[in-house]
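Participant: What follows is a single structure, and I will ask about it in a moment.
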Amino acid sequence: MTDNHQALNASRLRASKENPWPHDQLKVMPSRYYGRWISMLAIAALIGLVGESMVTNQNFGWATVGKYLFSPTILSGLATTSWLTLVIMLLAIVLGVVIAVMRLSSNPLLVGFSGGWIWFFRGTPVLVQLIFWYNLAVLYPTVTVGIPGVFTLWQGSMNDLITPWTAAILGLGLNESAYMAEIIRAGISSVDDGQQEAARALGMKKSQYLKRVTLPQAVPFIIPPTGNQIIGMLKTTSLVSVISLSDLLYSAQAIYSRTYENIPLLIVACIWYLVATTLLSAVQTRIEKHYSKGRVR
């Protein structure tokens, strides 16, 4: 048995001297990605079929799309949609910060109120809330400012206060504030507790370390979902068409209700929504890159 091992070792030694780099003689085979190529061809074929159908199908009405793409009515609706998105998100972010801070408070009353706020506005459909605010005059026909039975500073009709603009801002803004509160709360919770202890050791009050220590570190975690919410809100504003507010969708509907060219006008609205969301996505990417400079990848 020993002689066999010695003979085997001797043969291996001779082979190593004759060819000291045996791995150089290995034949390297390139990787084959048949599934990748098949899926690419299938997707390309699908895109080609859809593109061919869109070009050859006269029912798309591309001439009508070009005619109304820069129509003053459409551009006015686009401006209304953009302005609504800005105002609603500013309201939602401000309320979201307040509700998130209350949610993290040690006061059980504030915790309960903020929890109830989030529970209600996240638990009911946004369209229902929008219609409810628009019909608030059914519950309260008049509004009185003052002390009942003592004096009245001002009295007016609820219909004068709750216009389609007011109903849209309240309905969408309050609903969005519940989602923003959870986003901001999650961002604040992501900051290490040691930061809070260090701030207290330096003698900072709660409001000071929240503003100077916690929120600046939470911002990089808050920005990505906030950007997604802004883009989502831009599209959600299309719901205000049900309360006759002249946003982008309502403007398109106002035109095709006269011309009966539904599909071309809806394509016009989709094009402008895509343009707006693309611009917002580009801004979001730039902001995320700015705040991620100091983070280790």
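The values are calculated or read from the model by the stated rules, or taken from the named source; none is laboratory data. Here the structure is a predicted model, which means the values were calculated and not measured. Don't worry about glycine lacking a Cβ; one is built from the backbone with ideal geometry, like all the others, and counts go over all protein chains shown. Just the protein is used for accessible areas: all its heavy atoms, side chains included, with ligands, DNA and RNA removed. Shrake-Rupley method; radii C 1.70, N 1.55, O 1.52, S 1.80 Å.
Participant: With the structure loaded, tell me whether residue 187 is at pLDDT below 90, in a helix (DSSP H, G or I) and surrounded by 15 or more Cβ atoms within 10 Å (Cβ to Cβ) or whether it fails that test.
Facilitator: Values: at pLDDT below 90: yes; in a helix (DSSP H, G or I): yes; surrounded by 15 or more Cβ atoms within 10 Å (Cβ to Cβ): yes.
Yes; evaluated as a whole, the condition is true for this residue.
Participant: Among the candidates 250, 209, single out the residue that is assigned to a helix (DSSP H, G or I) and either within 26 Å of residue 61 (Cα to Cα) or hydrophobic (A, V, I, L, M, F, W, C) (or both). Give the steps one after another, and end with the answer.
Facilitator: Working: 209 fails: either within 26 Å of residue 61 (Cα to Cα) or hydrophobic (A, V, I, L, M, F, W, C) (or both).
The conditions single out 250.
Participant: Of the residues 131, 99, which single one is out of contact with any Gly (no Cβ under 7 Å at 6 or more places or on another chain), touching a residue at least 12 places away in the same chain (Cβ under 8 Å) and open to solvent by 40 Å² or more (accessible area, probe 1.4 Å)? Steps first, please.
Facilitator: Working: 99 fails: open to solvent by 40 Å² or more (accessible area, probe 1.4 Å).
When all the criteria are applied, what remains is 131.
Participant: Let me ask something else. Just give me the residues in segment 154-184 being among the aliphatic types (A, V, I, L, M) and open to solvent by less than 40 Å² (accessible area, probe 1.4 Å), in sequence order.
Facilitator: If we filter segment 154-184 for residues that are among the aliphatic types (A, V, I, L, M), which is where we start, we get 158, 161-162, 167-170, 172, 174, 178, 180-181, 183-184.
Hits for segment 154-184 are 158, 162, 167, 168, 172, 174, 178, 180, 181, 183, 184.
Participant: Still on this structure, I have one more. Just checking, how many residues over segment 34-82 are over 25 Å from residue 165 (Cβ atoms) and either part of a helix (DSSP H, G or I) or among the hydroxyl-bearing types (Ser, Thr, Tyr) (or both)?
Facilitator: Qualifying residue count for the region: 32.
Participant: Can you find a residue that is open to solvent by less than 20 Å² (accessible area, probe 1.4 Å), more than 15 Å from residue 84 (Cβ to Cβ) and in contact (Cβ under 8 Å) with a residue 12 or more places away in the chain anywhere in segment 251-263?
Facilitator: Yes: segment 251-263 contains one or more residues that are open to solvent by less than 20 Å² (accessible area, probe 1.4 Å), more than 15 Å from residue 84 (Cβ to Cβ) and in contact (Cβ under 8 Å) with a residue 12 or more places away in the chain.
Participant: Turning to a different aspect of this structure: Counting just the residues of segment 204-227 that are open to solvent by less than 60 Å² (accessible area, probe 1.4 Å) and among the small types (Gly, Ala, Ser), which one comes out farthest from residue 104 (Cα to Cα)?
Facilitator: Taking the candidates together, the pick is 227.
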